[in-house]
Amino acid sequence: PRPLDAALVGYLPTPRDLAAFAGLPPHAAPGREQLRALLFPDGRARLLEDVTTPLGRSGFVSLPVFADELAPGGGLAARTARAVEFAASLGARCVSLAGMIPSLTGYGFDVLRETPAATAALTTGHATTTVSVVKTVHAALAATGRDLAELTLAVVGCGSIGTSSLRLLLARGPRPPARLLLCDLPGSGPRLSRLAAELSADHPTTRVQVVESGRGLPAEVYEADVVVTAVSGPTTLLDPDRLRPGTIVVDDSFPHCFDTGRALDRMKGAQDVLVVGGGLLALDTTETHVPEDLRSLALTGGQGRGATADRHQLPGTLASCRLESLLHAHLTGPGPGPVPGPGRPSRPGTNPTPPPLIHGLVDLPRALAHWDAADTAGIRPAPLHLLGHV
């Protein structure tokens, strides 16, 4: 096979989710040890698929671990570092991290400490994810003819992705929202209040309010016009039936933080809300290749985000965390200098600068650098979608 240019290190969905991807009922999910032995006969990380894009070739390297087995410590950083080394042996010059791996490994720093200096460059994937969220918000506002300056924006989950996406949205919008609502877990009030004070100082015309979630979201969230959600772990925090008509929801949670079936039913029936995924970006073309021994397992089309596969993949799209390493490898190039984006030849002396590698939280300058790099490479927001529905 052709060498990789970049790779994403991730893990397997739960056996129940794998059964759903394959169109099987939950009780038909194969046993996890049976699956592990089938997919990882030597017990080590392996390449489960690769995707050819205009920016190069990206591989998905999976740890022999299921999503519900992830935990801080337990050797996760060391196992991830070995997977990064394996990806580098396949040619990858840059590797990003999927799903919960960044937050469980000190946002990549723990993996860096375990990774030899000579191996591939490492980045978390979080900066390009913030780009994806903001580009999706812009696309949703444009499609519905709305102006954020006249609306209330709620951000649910003010962690790494939520906060950096909010900062980038404010920096890349002509005007800030009329009102801003910050929502996170119980006990987050003091942290959110500090963030609110900072945002109020930068945007004095925007009224900022802080609320904490309980068993569900507070009523104030359902009064917002635009809701950006980025929460961790399997939870149905948002109730699609409680959304006001006209509400836009952009969700970067994995899995989605609401019942996707009910959200789709409301969009198809009442057609009065727009609930979309925020984690995909679009390229001109993508072509997925799966090892011969995996084709019969219905594990094709991996989007990253912690899964081997996603049967809802949209043609010409790639998970934003996966694109981060591919974008860095593309703009760095195999030789001494960066290369131009597809269809955009550079003039001598005008080669674009590769975006910085991300370790730790994403600050605004690095998010803006990834925004500019994505634009240089011709990357666009994915079609507005939920699962496989455009």
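The values are calculated or read from the model by the stated rules, or taken from the named source; none is laboratory data. Values in this document were obtained by computation on a predicted structure and should not be read as measured data. Positions of Cβ are backbone-derived with ideal geometry, glycine not excepted, and every protein chain shown enters the neighbour counts. Surface accessibility is based on the protein's heavy atoms, side chains included, excluding ligands, DNA and RNA. Shrake-Rupley method; radii C 1.70, N 1.55, O 1.52, S 1.80 Å.
List the number of the failed condition for GLY378; all other conditions in (1) at positive phi; (2) at pLDDT 90 or above; (3) under 17 Å from the mean Cα position of the chain (by Cα) hold.
(3)
Condition (residue is within 19 Å of the chain's Cα centre (by Cα), within 25 Å of THR317 (Cα to Cα) and β-branched (Val, Ile, Thr)) applied to segment 93-102: is it met by at least one residue?
First, pick out the residues of segment 93-102 that are within 19 Å of the chain's Cα centre (by Cα): 94-102.
Narrowing the set further to residues that are within 25 Å of THR317 (Cα to Cα) leaves 94-102.
Next cut, β-branched (Val, Ile, Thr) only: 95, 101.
Yes, segment 93-102 contains a residue that is within 19 Å of the chain's Cα centre (by Cα), within 25 Å of THR317 (Cα to Cα) and β-branched (Val, Ile, Thr).
Look through PHE86, PHE40 and report the one residue that is farther than 26 Å from PRO356 by Cβ and of a type in the set (Phe, Trp, Tyr). Break it down stepwise before answering.
Numbers: PHE86 fails: farther than 26 Å from PRO356 by Cβ.
On inspection, the qualifying residue turns out to be PHE40.
Select from segment 266-297 the residues that are farther than 18 Å from LEU326 by Cα and in a loop (DSSP other than H, G, I, E, B) and write down the one among them that is most open to solvent (accessible area, probe 1.4 Å).
The first filter runs over segment 266-297 and keeps only residues farther than 18 Å from LEU326 by Cα, leaving 266-278, 290-297.
Applying the additional criterion that residues be in a loop (DSSP other than H, G, I, E, B) yields 270-273, 278, 290-291.
Values: ALA270: 66, GLN271: 140, ASP272: 44, VAL273: 17, GLY278: 0, VAL290: 14, PRO291: 36 Å².
Taking the candidates together, the pick is GLN271.
Can you tell me which residues in segment 128-151 are crowded, with 24+ Cβ neighbours inside 10 Å and either of a type in the set (A, V, I, L, M, F, W, C) or not in a helix (DSSP H, G or I) (or both)? Let's see the steps before the verdict.
Initial filter on segment 128-151 (crowded, with 24+ Cβ neighbours inside 10 Å): 128-137.
Those that are crowded, with 24+ Cβ neighbours inside 10 Å and either of a type in the set (A, V, I, L, M, F, W, C) or not in a helix (DSSP H, G or I) (or both): VAL131, VAL133, VAL134, VAL137.
Take the residues in segment 186-202 that are buried (at least 16 other Cβ atoms within 10 Å of the Cβ) and aliphatic (A, V, I, L, M); name whichever of them is nearest to GLY173 (Cα to Cα).
LEU199
Can you confirm whether ALA319 is crowded, with 24+ Cβ neighbours inside 10 Å, at pLDDT 55 or above, more than 20 Å from THR129 (Cβ to Cβ) and not β-branched (Val, Ile, Thr)? Before the answer, list the steps.
Values: crowded, with 24+ Cβ neighbours inside 10 Å: yes; at pLDDT 55 or above: yes; more than 20 Å from THR129 (Cβ to Cβ): no; not β-branched (Val, Ile, Thr): yes.
It is false that ALA319 is crowded, with 24+ Cβ neighbours inside 10 Å, at pLDDT 55 or above, more than 20 Å from THR129 (Cβ to Cβ) and not β-branched (Val, Ile, Thr).
Mind telling me which of the residues THR205, THR236 ends up being polar (S, T, N, Q), at pLDDT below 95 and closer than 21 Å to LEU148 by Cα?
Details: THR236 fails: closer than 21 Å to LEU148 by Cα.
None of the others qualify; the one that does is THR205.
Which residues, counting only those in segment 203-221, are free of Cβ contacts under 8 Å to residues at least 60 places away in the same chain, under 28 Å from SER103 (Cα atoms) and either assigned to a helix (DSSP H, G or I) or open to solvent by less than 20 Å² (accessible area, probe 1.4 Å) (or both)?
Step one: filter segment 203-221 for residues free of Cβ contacts under 8 Å to residues at least 60 places away in the same chain, giving 203-216, 218-219.
From what's left, under 28 Å from SER103 (Cα atoms): 208-216, 218.
Those that are free of Cβ contacts under 8 Å to residues at least 60 places away in the same chain, under 28 Å from SER103 (Cα atoms) and either assigned to a helix (DSSP H, G or I) or open to solvent by less than 20 Å² (accessible area, probe 1.4 Å) (or both): VAL211, SER213.
Determine, yes or no, whether LEU384 is at pLDDT 95 or above, within 21 Å of PHE60 (Cα to Cα), aliphatic (A, V, I, L, M) and surrounded by 15 or more Cβ atoms within 10 Å (Cβ to Cβ).
no
Scan segment 222-238 for residues that are farther than 18 Å from SER160 by Cβ, open to solvent by 40 Å² or more (accessible area, probe 1.4 Å) and outside any helix (DSSP H, G or I) and jot them down. Steps first, please.
Quick first cut of segment 222-238, residues farther than 18 Å from SER160 by Cβ only: 222-227, 234, 236, 238.
Those still in the list that are open to solvent by 40 Å² or more (accessible area, probe 1.4 Å) too: 223, 234, 236.
Scanning segment 222-238 gives PRO234, THR236.
Would you check which residues across segment 247-260 are open to solvent by less than 30 Å² (accessible area, probe 1.4 Å) and either touching a Lys or Arg at 6+ places or on another chain (Cβ under 9 Å) or part of a helix (DSSP H, G or I) (or both) and list them? Please lay out each step first, then the result.
If we filter segment 247-260 for residues that are open to solvent by less than 30 Å² (accessible area, probe 1.4 Å), which is where we start, we get 247-253, 257-258.
ILE248 - this is the single residue of segment 247-260 that is open to solvent by less than 30 Å² (accessible area, probe 1.4 Å) and either touching a Lys or Arg at 6+ places or on another chain (Cβ under 9 Å) or part of a helix (DSSP H, G or I) (or both).
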